[in-house]
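Below is one structure, written out as structure tokens; the observations come after it.
Just so it is clear, none of the values below were taken in a lab; they were calculated from the coordinates. Here the structure is a predicted model, which means the values were calculated and not measured.
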Amino acid sequence: MGFLNKFKNLATAASTEGQALWGRVQNAAFADATMAACALIGAADGKIDQNERSRTAQFITSHPQLKTFDVAGLRQKYEAACDTITRDFDFGKIELMQKIGKLAGKPDEARAVVQLAVVIANADGNFDESERVVVRQIAQALKLEPSEFGV
């Protein structure tokens, strides 16, 4: 099985598992962590351009798994996370990783955050090395093994 097929299977499994969990989990810490992860993936190459920001925001507002949340609220959280990392990349990254790390003691929620990061990273069909690095960092911040997610 080629890498792309393996990755697509991982993304599909993540999507199926995430659907069940995201329907049960609706709290501010989870929403903050997922939107922080989305912003970090968008800024994986060191910047987040407006086009990428808009595409990700559209994904957030239209993704069926995220419909269990107040989508307008998620978009506001995403925009705030993007502003944080745009204002000062290094400190912004630290701040967003701290939001993500708040779920470290909640393995199901933590896995869902990483799974969403994988889905966002692959949304453009190109899961590049800079995005893999960010997914690994997110998994580590959540006290999860990155290899569990194929990174």
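Annotations
- In terms of its C-alpha gyration tensor, region 21-146 has a rounded overall shape, because the principal axis ratio a/c (a ≥ b ≥ c, square roots of the eigenvalues) stays below 1.5.
- Stretch gain in nm, segment PHE91-ASP49, where the contour uses 0.36 nm per residue and the Cα spacing is subtracted: 13.3 nm
- Cross-link table LYS77/LYS102; LYS67/LYS106; LYS77/LYS106; LYS67/LYS102; LYS47/LYS67, entries beyond 18 Å C-alpha to C-alpha: LYS67/LYS106; LYS77/LYS106; LYS67/LYS102; LYS47/LYS67
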